[in-house]
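Structure, as structure tokens:
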Amino acid sequence: MKMLNEITIKNMKKNRKRSIVTILGISLSVALICAVTTFVSSFQTSMVNRVKAKEGDYHMTISSVTNEQLQYLKENVQVEKIGISQTIGYAKTEELKNEDKPYLSIEALDEMDIQSKGITLTQGRLPQNDQEIVIPEHTLQNGEAKWKVGDTLTLPVGERTIEGENLNQHNPYLDGKDDDSLETFTAKETKTYQIVGIMERPSFENYSAPGYTAITKWEKPLAGKTTSVTLSLKKPKEVYSFVKDIEKNLGILGENIDTHDSLLAQEGIFKSDRTNETIAVLALIVIAIIIFTSAFVIRNSFTISLTEKTRELGMLASIGATAKQIRNSILWEGVILGVISVPLGFFLGILAIGIVLMIVNSIIQGGGTPLVDHFDLTLVVSWQAIAVSAILSAIMIFISSLRPAIRASKIAPIDAIRENKDINIKNRKKLKTSQWLGRIFGVEGEIASKNFKRSKRKYRTTIFSIFLSIILFISMNSVVDNVFGFSSLEFQDRKYNLTVNLYEKTEEYAQQLTEQAKQTEGVKQVALEKRKSVIIDPSKYYTPEAIEQKGISLKNYGEQSNTVGENLQIVSLGNDVYQSYLKEVGISVEEAKGKAVLYDTNIYYQQEEGKDGSKRVSYEILNLEKGDTMTYETTATGEQDQAVTTGKKEITIAGRADKPPMGALYSGYNIAVLIVSDQMMKELGDYTLSKMIIECDNTAKVKEELYKIDTGLKEDIFDYDEQNQSEQSMVLIISIFLYGFIAVISVIGVTNVFNTITTNMALRNREFAILKSIGMTQKEFRKMIHFESLLYGTKALVFGLPIGVLLSYGIYKVTTNIYETPYRFPWGPIAISIVFVFAIIFITMRYSMKKTEGLNTIDTIRQENN
Amino acid sequence: MDILKVENLTKTYGKKPNEVIALNDVSFSIPKGQFVAIVGASGSGKSTLLHLMGGVDRPSKGKVWIEGSDIYQLNHDALAIFRRRQVGLIYQFYNLIPILTVKENITLPTRLDGKKVDESYLKELLYILGLEDRINHLPNELSGGQQQRVSIGRAMMNRPAIILADEPTGNLDSKSSREIIDLLKLSNQKYHQTLVVITHDENIALEADRIITIQDGKIVKDEMNG
């Protein structure tokens, strides 16, 4: 027994190459699991921290809490922490110059509440008693107050009312301008505070709030003031049931409870069970794929050296080792392999993620202002996941290492020694290989294909590992695509990021501005939009869906009726943009000449019972097809502000477009649009200048250029990039996560393929040397290897692509529970797979070929004989 | 006419001071049609000599001419092509390509050369080798003697200028050994094939026209037989 263990260790040392390959293989699979779980947990933690920093660290807020309720909540075992705050009231001060925000809203927060609400100081310190106060920095910015740390404020504090009703931060300032409703401020007391700090605008203050939030320390309960609490539970999972409990037991109104849904969602807790289930199923699929892959990576690394191992075991058996002794020696080897490779795998996996996170962080934090605020990726290792993967790897090592023992025990020792099992043709017909391969690719191709056909066992491993990588890549891409749907139509389609309103501007002015914009650096496209609004008869041209959705009653239409009809826009965008749009939608200039291109896809989101997301529904508004002619009416504003028909005209449809033209909102115009050339717009006449639409890299720069021409443009410019910054940073975070995830999986897949192929090639050194010794030239050898690569790749793709697509469809099916989007066939991942599979195989084969070429032919032949 | 000429051939392994001289300044020549046996103790350098003669190894010093060309002046690919046309190699461990059948293994050098297989010669060869009913078998379905016969067939297929055999019977029983030697002699006599055989077996050596004895990398005896 001890003797055999020693032999095992000696053998492992002697077959260093094989041992290293096996260890690497196991490490890779451990690394895969470890990397994926670490990546996910790091990401999740960072997202949770981001939400905590931005929106506060609590599970729910409850307002208007009574003393009894407060006492109950404080003593509740489910509650982890509870923060108390009371509203002192509004303070009116002349210092604040913002017309919509004339107050300070003074809140007293206890220490826990300050912590939970994520108060971030920019200057000074937090208040330590109820005489001290912290003001938000936007009082100094849009409030234009001249306060600084150390100032003392003496303020009238009271309440806002309208018709006897108390108003709070959710009611915007009623200044009496719009609809005659004017609120009253009643001072109840005078308070004196010293400013001790300045903070960032707290996230709980909504944009329409009439008071700037100022925070003082809560020291003792104040009578007659509303009390609110922020609280966190020990088990976040219980949040939604806890809400129901306190509604029932304490009689707290549901409207007074506000769960911190965005934080809970990041922690993986959703309101709807359906979402929870969907995510669980999805996680299960992903985990299953990863486990399956890593199991096979381990199996692969054993299979590659199975033949040699079998020979060794046969040798042992032939000198009288019992089956039990052999089994034990194999287990011993497994233990050694595991002890080395499992920790190595953890190390590699965590290292890989560490590097990825570092790179991502440096990208985010790169240019001064971070691309995403409050987002700092820190490495978080999930120890549970590591334990699970260690156990899993141990089991896989055990099973895989037993295989050669079982094999060796089944065959006579001498056959095991002679390696007779590897090339095993059961059916003699299989010996036939097609003639044409040899004819086309020469004898090298023939040898390659014969090798491929007759030595299946060795090849299966390689092909399987490529196959798995393909499946992994395509299906994970699908997870990305369908679950997170961030690349959905909405974000893709809006290419422009700046618009300039041109109503009431002259055509010359617009032309000049357009030319100027086109010459600005970083500008990709500029469209000058002209519009003509016309009227059509919906009873003639509207589709049933449109009539239903728009709630049109057809009774009012028809020849006899006086009702004018539904609005239709005719739009022109300038020559360049028009031409490229035609190209994009596949209509030729000749086809479109004198006609209009129709875009009338309308999209809406249908909320469904029991689902968190909504279903995306699209329909076409008009029932027209290519070549149809439509009658429209032009209108003018009549005496009593009514639209009056001024004439009828006809227009012919050149074709339908499946993409909105530049300048359309992401969900389309919501009405039908006809796109025509500038020339035609001129002929139609009576149009209005609408806006200039710009697609550029840097909106700030373009704005600056435009202001140089006309500073008055400030009010007319709309900057979508600025508007969508938070939305975009979210998209950025998600894409970093998903592409990082895919990158990790791809790297591991590639390494696995590389490992398998190089090993396989190394084990065939002798065969190659023989071929060379009987006169195969380097060139012919390369040709043979290239041909083999081609066969490998093709076979792996033939099996991998359909199964990958099938899996991706399965994943799509699961996710439609949340978001109903059309299935997107993974063309991209398929193309990438094809290119990468061949690239990786060819590169790897070349690499191992180079290694073979360096070897002395005769040494190789002899070495392997002895 | 000398079909093979070896001049000042030296092969060393490793670097000084641990240098091992496997072959030390060896020179001789072999005329066409001669059957030469090279004998010597293990480690005497005879295999190194054979591999150098066959162009599968590279000498440290010296030259080898086969049919008048200095084979180590050829580049890598040209040498490979030369090898498949002019040299037939037979190894102790057969070294057949495991995935190719008997017929495919034998015709491989011809096919590699892009030439058409001479079917009548192949048939004759298979008959002589006693492999007619084994043509579609894979190497691992054959006995050792049969495998060695396949490798002889492979060596002879291109009618090379010279056949080099490295202990061709070293792995076989006496009956199979006898068959192999008879085959080699037959090729020598019937096709007037030049033949160089490395052997431990005195009986085989005695069948040869000439016996070269090597010791410590040097020729110590070079005598004609009979």
Checklist entry - Could you state the principal axis extents of the C-alpha atoms in the stretch B:138-217, from the largest down, to the nearest angstrom? => result 38, 27, 22
Checklist entry - What is the Cα radius of gyration of the stretch B:2-224 over 2.2 N^0.38 Å, N being its residue count? => result 0.99
Checklist entry - Which length gain, in nm to one decimal place, applies between A:ASP245 and A:GLN512 when the Cα-Cα distance is subtracted from 0.36 nm times their residue separation? => result 89.5 nm
Item to check | Estimated FRET transfer efficiency (A:TYR207, A:GLU704; beta-carbon r; R0 35 Å; 0.05) | outcome: 0.85
Item to check | Highest-first arrangement of A:78-91, B:143-156, where packing means the average Cβ count within 10 Å | outcome: B:143-156, A:78-91
Item to check | Protection proxy ranking, peptides B:48-54, A:388-394, average beta carbon neighbours within 10 Å, highest first | outcome: B:48-54, A:388-394
Checklist entry - Can you list the residues, at least 5 places off or on another chain, whose amide H is less than 5 Å from the amide H of A:HIS260, using H built in the peptide plane? => result A:MET60, A:THR61
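Give the A-B buried accessible area in Å², both sides summed, 1.4 Å probe, nearest 100. Intermediate results must be reported in sequence, preceding the final value.
Details: alone 43550 and 11010 Å², together 51580 Å².
Rounded to the nearest hundred, the buried surface is 3000 Å².
Ranked from the most accessible area to the least, with a 1.4 Å probe and all protein chains present, what is the order of B:MET1, A:MET112? List each step's numbers first, then the result.
Working: B:MET1 155, A:MET112 65 Å².
So the residues, ranked largest to smallest area, are B:MET1, A:MET112.
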Checklist entry - Once the Cβ-Cβ distance between A:VAL388 and B:GLU202 is put in as r, and R0 is 41 Å, what FRET efficiency do you end up with, to the nearest 0.05? => result 0.05
Checklist entry - Across the Cα atoms of the stretch A:50-111, what radius of gyration and what greatest pairwise Cα-Cα distance (Dmax) are found, in Å? => result 15.8, 47
Checklist entry - Once the whole set of protein chains is in place, how much accessible area is left on A:LYS148, using a 1.4 Å probe, in Å² to the nearest 10? => result 120
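Would you kindly calculate the translational diffusion coefficient of the stretch B:18-111, applying Stokes-Einstein with the Kirkwood radius from alpha carbon pairs, for 20 °C and a viscosity of 1.002 mPa s, and quote it in µm² s⁻¹ without decimals? Don't jump to the answer; show the numbers that get you there.
Numbers: Rh = 15.3 Å.
Translational D for this selection: 140 µm²/s.
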Checklist entry - Helix B:144-156: angle to the longest alpha-carbon principal axis of chain B, degrees 0 to 90, nearest 10? => result 80
Item to check | Order of exposure, largest accessible area first, which applies to B:ASP166, B:ASP25 with probe 1.4 Å | outcome: B:ASP25, B:ASP166
Item to check | Angle in degrees between helix B:102-112 and the longest Cα principal axis of chain B, rounded to the nearest 10 | outcome: 60
Next on the checklist: Show me, for the stretch B:72-77, the HN-Hα J-couplings you get by feeding each phi into the Karplus relation (A = 6.51, B = -1.76, C = 1.60, θ = phi - 60°), rounded to Hz, glycine and proline as x.
Outcome noted: 7, 7, 6, 7, 3, 5
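Over the stretch B:2-224, with the other protein chains present, what is the accessible area per residue in square angstrom, probe 1.4 angstrom?
Working: 9210 Å² over 223 residues.
Per residue, the stretch B:2-224 has 41 Å² of solvent-accessible surface.
So what is the relative contact order for chain B, in percent, with contacts set as C-alpha pairs under 8 Å and at least six apart? Walk me through the numbers on the way to the answer.
Details: 444 pairs, mean separation 66.3, N = 226.
It comes to 29 percent, rounded to a whole number.
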Next on the checklist: Past 28 Å, Cα to Cα: identify those pairs from A:LYS532/A:LYS659; A:LYS532/A:LYS701; A:LYS783/B:LYS32; A:LYS851/B:LYS32, in the order given.
Outcome noted: A:LYS532/A:LYS701; A:LYS783/B:LYS32; A:LYS851/B:LYS32
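For the stretch A:84-197, what is the per residue volume of the convex hull drawn over the alpha-carbon atoms, in cubic angstrom?
Details: hull volume 12.7 nm³, N = 114.
Enclosed volume per residue, from the Cα hull, is 111 Å³.
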Checklist entry - Principal axis lengths of the stretch A:133-269 from Cα atoms, whole Å, largest first? => result 46, 37, 32
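The values are calculated or read from the model by the stated rules, or taken from the named source; none is laboratory data. Small disclaimer: the values here were computed from a predicted structure and weren't measured. Here the Cβ is made from the backbone with ideal geometry for all residues, glycine too, and neighbour counts use every protein chain on show. Note: accessible area is taken over every heavy atom of the protein model, side chains too, but ligands, DNA and RNA are not part of it. Shrake-Rupley method; radii C 1.70, N 1.55, O 1.52, S 1.80 Å.
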